[in-house]
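Below is one structure, written out as structure tokens; the observations come after it.
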């Protein structure tokens with residue numbers, strides 16, 4: 001089994017979660033990505049969020065939310081994505097950047113549009129009453 005280790009940002013507004021869609025892709029994901037050599041979760045989160053949605057995470061507001069594992073979308077069977085998720089406040093204006101084509105706020109009515117790992121996150125957030 002191969003693990004793709006990712007860090008993701010959970011940002012909720014009006015009972016919906018911020019999601020991104022990369023150019024040429026159909027599925028939405030939480031902003032974030034893979035760590036670079038020697039990076040901490042916090043450093044990865046700050047860098048990836050800036051690269052994808054153009055905002056600065058407020059370092060002192062970062063809080064661990066949970067870790068979720070699922071079959072990686074579009075990958076061979078047995079390739080698992082592990083999403084370590086954090087909440088945090090930010091400064092700036094949310095704008096798609098880099099490989100991101102679109103940002104959107106989604107809820108559980110959008111389950112068909114999100115990744116498998118994303119569905120686990122959405123179900124957990126709904127159970128806790130954070131999203132619809």
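Taking the stretch 28-44 as the range and being in contact with a helix residue (DSSP H, G or I) (Cβ under 8 Å, 6 or more places away or on another chain) and crowded, with 17+ Cβ neighbours inside 10 Å as the test, the residues that pass are 28, 29, 30, 31, 32, 33, 35. Of the set (1) touching a residue at least 12 places away in the same chain (Cβ under 8 Å); (2) over 15 Å from residue 21 (Cβ atoms); (3) buried (at least 16 other Cβ atoms within 10 Å of the Cβ), all apply to residue 105 but (2). With respect to (1) assigned to a loop (DSSP other than H, G, I, E, B); (2) touching a residue at least 40 places away in the same chain (Cβ under 8 Å), the lone exception for residue 77 is condition (2).
Scanning the stretch 35-76 for residues that are closer than 22 Å to residue 113 by Cβ and in contact with a strand residue (DSSP E or B) (Cβ under 7 Å, 6 or more places away or on another chain) returns 48, 49, 52, 53, 65, 66, 68, 69, 70, 71, 72.
Residues 97, 70: which one is surrounded by 14 or more Cβ atoms within 10 Å (Cβ to Cβ), touching a residue at least 40 places away in the same chain (Cβ under 8 Å) and over 24 Å from residue 128 (Cβ atoms)? None of the others qualify; the one that does is 97.
Would you mind stating whether residue 81 is surrounded by 17 or more Cβ atoms within 10 Å (Cβ to Cβ), under 27 Å from residue 3 (Cβ atoms) and under 15 Å from the mean Cα position of the chain (by Cα)? Steps first, answer last, please.
Values: surrounded by 17 or more Cβ atoms within 10 Å (Cβ to Cβ): yes; under 27 Å from residue 3 (Cβ atoms): yes; under 15 Å from the mean Cα position of the chain (by Cα): yes.
Yes, satisfied.
Taken over the stretch 108-132, the criterion of being within 12 Å of the chain's Cα centre (by Cα) and either part of a loop (DSSP other than H, G, I, E, B) or loosely packed, with under 15 Cβ neighbours inside 10 Å (or both) is satisfied by 115 alone. Here residue 78 does not fit the description of being under 12 Å from residue 17 (Cβ atoms) and at pLDDT below 95.
Of all residues in the stretch 45-76, those satisfying the criterion of being out of contact with any helix residue (DSSP H, G or I) (no Cβ under 8 Å at 6 or more places or on another chain) and closer than 17 Å to residue 100 by Cα are 45, 47, 48, 49, 50, 51, 52, 53, 54. Only strands (runs of 3 or more DSSP E) whose full extent lies in the stretch 1-53 are considered here, and the ones with at least 3 residues that are farther than 23 Å from residue 92 by Cα are 2-10.
The values are calculated or read from the model by the stated rules, or taken from the named source; none is laboratory data. These numbers were taken from a predicted model, which means no experiment stands behind them. Backbone-built Cβ (ideal geometry, glycine too); neighbour counts: all protein chains shown.
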